[in-house]
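Down below is the structure, laid out as structure tokens.
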Amino acid sequence: MVSSSATETLEAPPQLPGRPPRHRRVIPGFGLTLGITVTYLSLIVLLPLAAVFLQTATLTFAQFWATITSADAVASYRLSFGASLLAAAINTVFGLMLAWCLVRYTFPGRRLVDALVDLPFALPTAVAGIALTALYAKNGWIGQYLEPLGIKVAFTPLGILVALIFIGLPFVVRTVQPVLEDLDTEYEEAAASLGATRWQAFTRVVLPALTPALMTGFALAFARAVGEYGSVIFIAGNIPLVSEITPLIIIKKLEQFDIAGATAIASVMLVVSFILLFVINVLQAWTQARGRR
Amino acid sequence: MRIVQPPAHIRTSSVGLGWALVTAFIAAMMPVTSARAETALLNVSYDVTRELYKDINPAFINAWKASTGATITLNQSHGGSSKQALAVMSGLEADVVTMNQQTDIDAIAERGLIKPDWASRLPNAATPYTTTMIFLVRKGNPKGIADWGDLVKPGTSVVIPNPKVTGNGRFSYLAAWGYALQSSGGKPEAAKEFVQKLLANVPVFDGGGRGATTTFTQRDIGDVLVTFENEVNLIQKELGADKFEIVYPSISIEAAPPVAVVDAVVDKKGTRKQAEAYLAFLFTPEAQAIIAKHYYRPRDAAALAAAPLKPGRTKLFQVEKLIGEWKKVQAEHFADGGIYDQIVIKR
């Protein structure tokens, strides 16, 4: 049984992209893996999320609405989502450059640089926050030069942006890198030999191939930034209506043992994040489909 | 002695299967203390008492061994006071809680885990020591800060931790409120205006007391740091007296961190005798001397006299006497939409 299906697969014509495979698989187990997927997702993701919404449901709608539309909460959404989107966008641009440099060129210390990219993953976020604050405070290495120019980074929304860029960087680099490694330079050379300018070769040939990976990286960096608390809290300054991120609003509620209020804010974050991530996914599928034509 | 990290994400288990599962999961991850032959107590405490209980626990273990011949283990859990209270409410099996505010223990009592009379079971309303809020200024006191009135002057930058999320910040806020109340002859309107001006001078609201210390001492932010007396003395000791000066204001708040046995837990585990002995030990001369060493104000007069701490001119007021019952103060000032929210947004 197993051997026959293996032969079948070997004899099957190469798959065209986009068409679902109809042949028997070498390794069976769709039922099993789907079962595990659903159970695992339910236990690890859905149940805690359901608990958030259940807890929120102890509020009346009027209370819920008053909680999620309070002045400090609304200001914090603007800051948290705005800064996270901006940070993810900046990381997408620079992450692409980093990935490009690491994949396309060999230079001494390349492996070291490559390893450095992952550090924001490994560093406890509180340490990152303290380190960044130390750098950008008015007596810090960088802050001392920015301060005379009138640029304040630590304890302002700009500081929040810096922290979010820091923690989001690896996502874009790590998602783009493998795709770029697979993308042969022959494509660019072919484009050039057909008369494309460098800019055309990049925007028409390289970029479309990388767009899905870039969007995934963007989405991951964004999602990570929205939920980030540890590093931001040290550099933010936490001034109400100016530099309070949404996770801090949640902590403020928990400090008053207002668990329902905290989960109400959390549910807003979840819903907005889900919508944004969903839109990014749809966009990604669309660009991928368009790229194939 | 093992340090038990507080579970960061436990919430209340009052609603839903989800919470029950989450709590059960976390409980399963906790080190099993009761399975051991010897008795183990878990003391759930607030953030900055690490050093204090690190000294007190071995002393209690020795005293317990000497008086009963039994060995006992003490586990510690530290974190933000209210977060720790939340963890206990959610099922963290604390034999005793040593919090920095009465409201945190009251909140646990409201869940029925601690009997309502907890404060009357030990001397001094179950508070083994006190401290107060004083100032730390930069060497030479360039802004000439002598009292609360100097903190509202335009151009003076004041560092306090976030009153919404830290006990430290709440005590700072209430100390300023009490000063203004007293100097205006008891007018809450005047106090409100005064505290509003003070908050307008705060450039950073750190999420913790230690964070505010770092902002002031390492980041060079602010002309004055308002924090606990023991923290101020610790800064002086750790960072050297040549960089900062201590200023005692004319009046400040008495902060008395309370302790309580968690009745529901000790009755279940059968550790009531040990837990009560542990808390009673905090009031003995031996423990009081250790408390004094850590720059708190012990209740014991002899220990206070021998303390390295030199309490300045500050007259202390009690929140209950000057401003109101803690519960009412909490609801009026720090609840969402309360006085703090109103004035900090207008600042």
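Each reported figure results from applying straightforward, stated rules to the coordinates on display, with no laboratory input. Quick caveat, the model's predicted, so the values are computed rather than measured. No Cβ is skipped: glycine too gets one built from the backbone with ideal geometry, and neighbour counts run over all protein chains shown.
Rounded to two decimals, what is Rg over Rh for chain A when you use alpha-carbon atoms and the Kirkwood radius?
Here Rg/Rh amounts to 1.05.
Which whole number gives the average count of other chain Cβ atoms within 10 Å of the Cβ atoms across peptide A:231-238?
The mean count of partner-chain Cβ atoms within 10 Å per residue comes to 5.
Quick one: among B:Ala59, B:Ala260, B:Ala331, which has the greatest mean-square fluctuation in a GNM of chain B with alpha-carbon springs under 10 angstrom?
Looking only at B:Ala59, B:Ala260, B:Ala331, the biggest GNM fluctuation is shown by B:Ala331.
Could you go through region A:91-97 in sequence order and give the Karplus-derived ³J(HN,Hα) for each residue, using 6.51 cos²θ - 1.76 cosθ + 1.60 with θ = phi - 60°, rounded to whole Hz, and x for Gly and Pro?
Listing the rounded values in order: 5, 5, 5, 6, x, 5, 4 Hz.
Please list, ordered by chain and number, the residues whose modelled amide H lies under 5 Å from the amide H of B:Leu42; skip anything fewer than 5 residues away on the same chain.
For B:Leu42, whose amide H was placed from the backbone, the distant partners under 5 Å are B:Asn75, B:Asp95, B:Val96.
Measure off 7 Å from each Cα along the Cα-to-Cβ vector at A:Asn281 and A:Leu135, then give the distance between these two points in nanometres to one decimal.
3.4
Round to the nearest 0.05 the FRET efficiency obtained for B:Ala70 and B:Arg313 when R0 = 41 Å and r is the Cβ-Cβ distance.
Calculated transfer efficiency: 0.30.
Rounded to the nearest 500, what is chain B's calculated 222 nm mean residue ellipticity when only DSSP H runs of at least 4 contribute -39500 (n - 2.57) each, over all residues?
-12500 deg cm²/dmol
Would you mind telling me which residue in A:Ala163, A:Ala260, A:Ala191 has the biggest mean-square fluctuation in a Gaussian network model of chain A, where springs connect alpha carbons within a distance under 10 angstrom?
Highest fluctuation of the listed residues: A:Ala191.
Among A:Ala289, A:Gly261, B:His294, which residue has its Cα furthest toward the positive end of the charge dipole of the protein assembly as shown, with +1 on Lys/Arg Cβ and -1 on Asp/Glu Cβ?
Result: A:Ala289, furthest along the dipole toward the positive end.
Got a sec? How would B:Phe135, A:Phe166 order by Cβ neighbour count within 10 Å, fewest to most?
A:Phe166, B:Phe135
Between region B:70-85 and region A:249-273, what is the separation of their alpha carbon centroids in Å?
Measuring centre to centre over Cα atoms gives 26 Å.
Helix B:16-29 against the longest principal axis of chain B: what's the angle in degrees, Cα atoms only, rounded to the nearest 10?
So the helix axis and the longest Cα principal axis differ by about 80 degrees.
Please compute the Cα-Cα pair-distance distribution of region B:212-262 with 10 Å bins starting at 0, giving whole percents from short to long.
Pairs per bin, as whole percents: 20, 48, 22, 8, 1.
Which percent of the Cα-Cα distances in region B:200-336 go past 24 Å?
50
Return a whole-number percent for the relative contact order of chain B, with Cα pairs under 8 Å and 6 or more residues apart as the contact set.
So the answer I get is 21 percent.
Among B:Leu198, B:Leu151, B:Leu122, determine the one that fluctuates most according to a GNM of chain B built with springs between C-alpha atoms less than 10 Å apart.
Result: B:Leu122 has the largest fluctuation of those listed.
Would you mind ranking A:Trp65, A:Trp100, A:Trp199, B:Trp177 so that the residue whose beta carbon has the fewest other beta carbons within 10 Å leads the list?
In order of increasing Cβ crowding within 10 Å: A:Trp199, A:Trp65, A:Trp100, B:Trp177.
For chain B, what is the percent of antiparallel DSSP beta bridges, rounded to the nearest 5?
DSSP beta bridges in chain B are roughly 45 percent antiparallel.
Once both labels are modelled 7 Å past Cα along the beta-carbon direction, what's the B:Lys153-A:Val242 spacing in nm?
Calculated label separation equals 2.2 nm.
Can you list, largest first and rounded to whole Å, the semi-axes you get for chain B by taking the square root of 5 times each eigenvalue of its Cα gyration tensor?
Rounded to whole Å, the semi-axes are 35, 24, 18.
With every atom except the alpha carbons ignored, what do you get for Rg and Dmax of region A:145-293, in angstroms?
20.6, 67
Percent relative contact order of region A:125-232, based on C-alpha pairs within less than 8 angstrom and at least six residues apart?
Value for region A:125-232: 35 percent.
Each residue of region A:199-216 in turn: what ³J(HN,Hα) in whole Hz from Karplus with 6.51, -1.76, 1.60 and θ = phi - 60°, glycine and Pro shown as x?
Once θ is set to phi - 60°, the couplings for region A:199-216 become 4, 5, 4, 6, 6, 8, 10, 6, 4, x, 5, 8, 3, x, 5, 4, 5, 4 Hz.
Which whole-number percentage describes the relative contact order of region A:36-177, with Cα contacts under 8 Å and a sequence gap of 6 or more?
30
Take every DSSP beta bridge with both residues inside the protein assembly as shown and express the antiparallel ones as a percent of the total, to the nearest 5.
Of the beta bridges lying entirely in the protein assembly as shown, close to 45 percent run antiparallel.
Of the options A:Leu248, A:Val117, A:Phe61, report the single residue whose Cα projects farthest towards the positive end of the charge dipole of chain A (beta-carbon charges: Lys, Arg +1; Asp, Glu -1).
Of the candidates, A:Phe61 comes out farthest on the positive side.
Dividing the convex hull volume of the Cα atoms of the protein assembly as shown by its residue count, what figure in Å³ per residue is obtained?
Hull volume over Cα atoms, normalised by residue count, gives 216 Å³.
Against the longest principal axis of chain A, how steep is helix A:47-56, in degrees 0 to 90 to the nearest 10, with axes from Cα atoms?
30
Could you let me know the centre-to-centre spacing of region B:225-239 and region A:17-95, using Cα atoms, in angstrom?
Computed from Cα coordinates, the inter-centre distance equals 44 Å.
Want the number for B:Ala200 to B:Asp267: 0.36 nm per residue separation, take away the alpha-carbon distance, what's left?
That works out to 19.2 nm of additional length.
Using all Cα-Cα distances in region A:29-187, what percent lands in each 5 angstrom bin from 0 up to the longest?
1, 7, 10, 11, 13, 14, 14, 12, 8, 5, 2, 1, 0
Mind ordering B:281-288, B:317-324, A:237-244 by average Cβ neighbours within 10 Å, highest first?
A:237-244, B:281-288, B:317-324
Among the aspartates and glutamates, which fall within straight-line cross-link reach of B:Lys139, defined as a Cα-Cα distance under 19 Å, with same-chain neighbours fewer than 8 residues apart omitted?
B:Asp147, B:Asp150, B:Asp220, B:Asp223, B:Glu229, B:Glu231, B:Glu238, B:Asp242, B:Glu245
Can you compute the modelled spin-label distance between B:Ile345 and A:Ala50, with each label point 7 Å from Cα toward Cβ, in nm?
Result for the modelled spin labels: 3.6 nm.
Let me have the 222 nm mean residue ellipticity of chain A computed from DSSP H runs of 4+ only, each contributing -39500 (n - 2.57), with the sum over all residues rounded to the nearest 500.
That calculation yields -22500 deg cm²/dmol at 222 nm.
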